[in-house]
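What follows is a set of notes on a single structure, which appears directly below.
Only the coordinates and a few stated rules stand behind these numbers; no lab work does. Just so you know, these numbers come straight off a predicted model, no measurement behind them. FYI the Cβ positions are ideal-geometry reconstructions off the backbone, even for glycines, and counts take in every protein chain you see.
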Amino acid sequence: MAFTSVTGILKTASMQGLPLWEAILEDDCKDRGVNREASFRQMAALWDAMKSASSRYSPEAHSASGLVGGDGAKMRTFGAETSIGGSFLDRIIAEALSMGESNACMKRIVAAPTAGSCGVLPAVLIPLAERGGLQDETIVQSLFVAAGFGQVIAARASISGAEGGCQAEIGSASAMAAAALVSIKNGTPEMSADACAMALMNLMGLVCDPVAGLVEIPCVKRNVVGAVNAVSCADMALAGITSRIPADEVIDAMRSVGEAMPCSLRETGEGGLAATPTGMAAAGKLKG
Ligand code: SF4
């Protein structure tokens, strides 16, 4: 995919008279020299892999470090009548935790856009598909929207925690998911752009500070934040709330913030939570 701006995606879709997902699919075909069927089939395979990763979640599995595991199961069995957010929010939280834990346990996941942020998109798409009885085709179309916006973020800023902090990983995943959710709900392309912008700005400045350098703490739980943020921003956009800063400018600002972050907060495991007494003790124990 060759888009380098959100405005470019919207303009292309409008000029071609296509929905966002289709303009992005067409661009993918041109960029990679594949036909529509192949492009759609590959995206559908990713959706299948997300669902399969969700169904293969193991409640007993713990990461090799022993730092994470089992929280997805706790959330899955937590009663909706007890929880504050209700059953739909519970389901999103459980899915995000489960996927993050599966990644930490070296299970097969879909990096979307990265392994550390693999829980965000499935956490919003799987529960929504179940609740709304949505066709796989609709979800796959929304994944094209997510991919198009993700491509722009990668091109203008970064999707790597080592480069731009966690805002570039969980923030990007959240922005992609927010844009995708709007498209599922038949929002306008502008609403997808607003949802993307709001999701990214909400997580701007988020540092990458994995304890012991492992993609476990805080990564697993940050997937929850990314997913819940995506739902909130998609709903705000669908309600007609706009981002006062355009998506491309938010993405550019995210790049600047990432560049200004010290190395200790960019996946080195030296700052933030990794540098807390408990974080350092965990790292020391693993080394010893
Ligand atoms: S803290 Fe770093 S390693 Fe963990 S999810 Fe965020 S960017 Fe990825």
So, relative contact order of the range 6-287 in percent, Cα under 8 Å, 6 or more apart, is 19
Quote the relative contact order of the range 136-288 in percent (integer), defining contacts as alpha-carbon pairs under 8 Å separated by 6+ residues. 30
Evaluate E = 1/(1 + (r/R0)^6) for residue 18 and residue 275, where r is the Cβ-Cβ distance and R0 equals 41 Å; express this FRET efficiency to the nearest 0.05. 0.25
Between residue 82 and residue 256, 0.36 nm times their residue separation minus their Cα-Cα distance comes to what? 58.4 nm
Calculated from DSSP H runs of 4 or more alone, at -39500 (n - 2.57) each and per residue, what is the 222 nm mean residue ellipticity of the chain, nearest 500? -20000 deg cm²/dmol
Options 82, 92, 121, ranked by Cα towards positive dipole end of the range 81-130, top entry (Cβ charges): 121
Per residue of the range 42-50, in order, report the coupling 6.51 cos²θ - 1.76 cosθ + 1.60 (Karplus, θ = phi - 60°) as ³J(HN,Hα) in whole Hz, putting x for Gly and Pro. 5, 5, 4, 5, 5, 5, 4, 5, 5
Semi-axes of the equivalent ellipsoid of the chain: what are they in whole Å, largest first, if each equals the square root of 5 times a C-alpha gyration tensor eigenvalue? 30, 22, 17
Modelled label-to-label distance, residue 74 and residue 55, 7 Å Cα→beta-carbon offset: nm? 2.8
Angle check, please: helix 136-156 long axis (alpha carbons) against the longest principal axis of the chain (alpha carbons), in degrees 0 to 90, nearest 10. 80
C-alpha center-to-center spacing [the range 197-248, the range 21-96] in angstrom: 16
Relative to the first principal axis of the alpha-carbon coordinates of the chain, what is the inclination of helix 277-287, with its axis defined by its Cα atoms, in degrees from 0 to 90 and to the nearest 10? 80
